[in-house]
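K.L.:
Sending over a structure as structure tokens; questions will come in a sec.
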Amino acid sequence: AQKVTQAQTEISVVEKEDVTLDCVYETRDTTYYLFWYKQPPSGELVFLIRRNSFDEQNEISGRYSWNFQKSTSSFNFTITASQVVDSAVYFCALSEMMGTSGSRLTFGEGTQLTVNP
Amino acid sequence: SQTIHQWPATLVQPVGSPLSLECTVEGTSNPNLYWYRQAAGRGLQLLFYSVGIGQISSEVPQNLSASRPQDRQFILSSKKLLLSDSGFYLCAWSVRMNTEAFFGQGTRLTVV
């Protein structure tokens, strides 16, 4: 069975600090996809990134960066120079195939990030 | 562009009452559709998914059921709510094969 572990339940930082959110996954699939979502206080999940298992290149998008390490089954998320608006719950997720017609996501328990001014 | 609508945003229902939450997707065809629940903690639990009209798969045995009467409509129902059904319910859609899912704004259900 697939599993996603986000060991950090809560993280609190001061604005402008860098912060890394950890994600470790388990899967027997040779091809799979990993995702990060942000859930602000409003509740809606906002898609941030998708990464496939064949692409271990790190990705940067503005203040966000992602480090995919297949050897350690990790897909960590770093926010540089954090801002108060980054405060949210962040979820890591792993795709699982459902036959040939689709896939579904297995989510970690989430990390509550609080950025204090 | 694709959009997903979910309603109502909040709902307070007495124990034993029925439930119907509706979700519709616009701007796409044959989406995969999902219902997730987020309880008091933060984890998201997949309740149902559907790969086509009338095709529903249940992940967790429970007091709830789902239906997909039209290609882009997904309904979550219960005949008699329990206190334990309280939570935040999220509908989502995706195209097939390992693409990201896009979520609705959620329904916060409180059973009293």
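K.L.:
Using a simple charge model, +1 on the beta-carbon of Lys and Arg, -1 on the beta-carbon of Asp and Glu, nothing else, what dipole does the protein assembly as shown show about its Cα centre, in debye to the nearest 20?
P.N.:
It works out to roughly 580 debye.
K.L.:
How high is the relative contact order of region A:1-44, in percent, counting Cα pairs under 8 Å that sit 6 or more residues apart?
P.N.:
The value is 45 percent.
K.L.:
Please report, in debye to the nearest 20, how large the charge dipole of region B:3-112 is about its Cα centre when each Lys and Arg carries +1 at its beta carbon and each Asp and Glu carries -1 there.
P.N.:
180 debye
K.L.:
Calculate the spin-label point distance for residue B:82 paired with residue A:63, positioning each point 7 Å from the Cα along the beta-carbon direction, and give it in nanometres.
P.N.:
Taking the simple label geometry, residue A:63 and residue B:82 are separated by 4.3 nm.
K.L.:
Moving on. Within 10 Å, Cβ to Cβ, of residue A:86, how many net charges do the neighbouring residues add up to if Lys/Arg are +1 and Asp/Glu are -1?
P.N.:
+1
K.L.:
A further question follows. Taking the alpha-carbon distance from residue A:70 and a cut-off under 20 Å, which lysines remain once sequence neighbours fewer than 8 residues away in the same chain are dropped?
P.N.:
A:3
K.L.:
Continuing with this model, one more query. So which lysines can residue A:16 reach, going by Cα to Cα under 21 Å and dropping same-chain residues fewer than 8 places off?
P.N.:
A:38
K.L.:
For residue B:10 and residue A:54, what does the FRET efficiency come to when R0 = 41 Å and r is the distance between their Cβ atoms, rounded to the nearest 0.05?
P.N.:
Efficiency for this residue pair is about 0.45.
K.L.:
Given C-alpha coordinates of chain A, what is the ratio Rg to Rh with the Kirkwood estimate of Rh?
P.N.:
Taking Rg over the Kirkwood Rh, I get 0.97.
K.L.:
Sticking with the crude label model, points 7 Å out along Cα→Cβ, report the distance from residue B:2 to residue A:26 in nm, one decimal please.
P.N.:
With each label placed 7 Å out from Cα toward Cβ, I get 3.1 nm.
K.L.:
Plugging the Kirkwood radius over Cα pairs into Stokes-Einstein for the protein assembly as shown, at a temperature of 4 °C and a viscosity of 1.567 mPa s, what D comes out in µm²/s?
P.N.:
D = 71 µm²/s.
K.L.:
Across every pair of different alpha-carbon atoms, what Kirkwood hydrodynamic radius in Å does chain B reach?
P.N.:
One decimal place: 14.0 Å for the Kirkwood radius.
K.L.:
Taking the convex hull of the Cα atoms, report for region A:68-117 its projected area averaged over all directions, in nm².
P.N.:
That works out to 5.0 nm².
K.L.:
Using r as the Cβ-Cβ distance of residue B:58 and residue A:80, and R0 as 45 Å, what FRET efficiency do you calculate, to the nearest 0.05?
P.N.:
According to the calculation, E is roughly 0.60.
Only the coordinates and a few stated rules stand behind these numbers; no lab work does. All figures in this text were calculated on a predicted structure; none of them were measured in a lab. All Cβ positions, even for glycine, are placed from backbone atoms using ideal geometry, and neighbour counts span all protein chains on display.
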